[in-house]
Amino acid sequence: MILQSIGIGIIGILFPVAYIFLPMIFLTEAIDKGLVKIMGTFLGLCLFLELLIPKLGMTIFTLFGPLILILHYCLVTKKDFERTFSLASGIFVISIMLTLQSTGVLDFIRQEDFPQKLIAMQKEAGIWQEGMEAYLPTFENVMRKGVQYLPGLVVIISLLVTYLTMTFTGRKLLLRGKIVVQPSSFFYFRLPKGLLFVMALFSLGAAAFSKELSQSAPLLVNNGILVAGFLFFVQGLAVMDFLFIKLKILRIFKTILLVMIVFTPIVQVPIAFLGLCDSIFNLRRIHIK
């Protein structure tokens with residue numbers, strides 16, 4: 001575990017996405033071998049990363065420490081999946097926002113000229129070449145619009161990391177003969193029935209108070225659409241996974257097809273629409289207790 005965590009810590013310096021594997025490793029060992037010893041190891045890893053790059057260790061601890069603790073508590077006390085997932089996702093959203101605030105990212109993107117400053121930083125790092133100057137206006141526009149979707153992206157990242165952490169931990173502990181609450185197989189994935197009702201209420205509320213929320217309403221609606229679209233896309237992927245299993249497609253080919261769907265923009269909207277239809281009509285005839 002120590003070698004794995006140090007390896008991920010070093011790889012994450014170049015590829016930060018690798019850090020999402022840290023809570024999976026430490027949560028599994030914390031449930032299996034005890035919380036105090038494993039959290040002490042996690043703190044040691046963060047101190048090691050802090051020595052390598054200032055503020056990195058503090059950032060990793062702020063991000064993943066609360067997530068590991070709350071998931072450990074919920075899994076050990078045998079809370080149900082919906083409560084565990086909702087609570088852990090909410091805690092992780094708060095951790096992300098605290099990290100963005102403490103590292104100065106939120107203050108930076110609130111500045112009017114932050115795209116120009118970001119481009120200047122990239123030029124100093126040698127990322128921008130002379131032939132790329134024509135793309136500067138487009139890049140600035142994308143950056144400004146991207147910041148507007150930051151709340152939705154934070155929610156999506158929180159849901160994704162929490163789901164992966166619970167899945168990885170549950171499957172690995174199952175191999176060790178220990179059973180904890182975990183997500184069902186992906187082809188059974190189904191959004192709560194009340195989600196459509198909540199979305200309808202949200203849309204009606206935004207329409208009813210559009211004058212009072214003239215400035216913030218577009219932001220709320222756009223981020224709500226982003227999160228809902230992501231959720232229906234995931235359910236659409238689950239429907240496709242269910243179909244591939246019914247057709248008895250080999251696992252390796254099924255995985256390749258699902259990855260192709262994820263990274264092919266032209267099919268993402270139809271897959272999300274398929275997920276929406278499954279939410280309404282239960283195309284797989286699945287009833288999860």
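Every number here is computed from the coordinates shown, using simple stated rules; none is lab data. The structure presented is a predicted model; accordingly, all values stated were derived computationally and were not measured. Here the Cβ positions follow ideal geometry from the backbone for every residue, glycine too, while neighbour counts run over all protein chains shown.
Observations
- Trypsin sites (Lys or Arg not before Pro) within the stretch 18-111: DSSP coil, no more than 10 neighbouring Cβ in 10 Å: LYS78, ARG110
- Counting beta carbons within 10 Å around each of THR41, THR84, THR255 and listing the fewest first gives the order THR255, THR41, THR84.
- Reachable lysines, given that their alpha-carbon falls under 18 Å from the alpha-carbon of LYS254 and they are not under 8 places away in the same chain: LYS246
- The relative contact order of the chain, computed from alpha carbon pairs under 8 Å that lie at least 6 residues apart in sequence, is 15 percent.
- Counted as membrane-span-like here are DSSP H helices of the chain whose alpha-carbon atoms extend 18 Å or more along the helix's own axis and whose Kyte-Doolittle mean is -0.5 or above; these are 2-14, 35-52, 56-76, 81-102, 136-148, 150-175, 195-208, 217-246, 265-281.
- Residue separation of LEU106 and TYR73 scaled by 0.36 nm, minus their Cα-Cα distance, works out to 8.8 nm of gained length.
- Scattering from the stretch 46-157 was approximated by placing one identical point on each alpha carbon and applying the Debye formula without solvent; log10 I(q)/I(0) at 0.10, 0.11, 0.17 1/Å stands at -0.45, -0.53, -0.97.
- Relative pair counts by distance (%), Cα atoms of the chain, 5 Å bins: 1, 5, 9, 12, 15, 15, 15, 13, 9, 5, 2, 0
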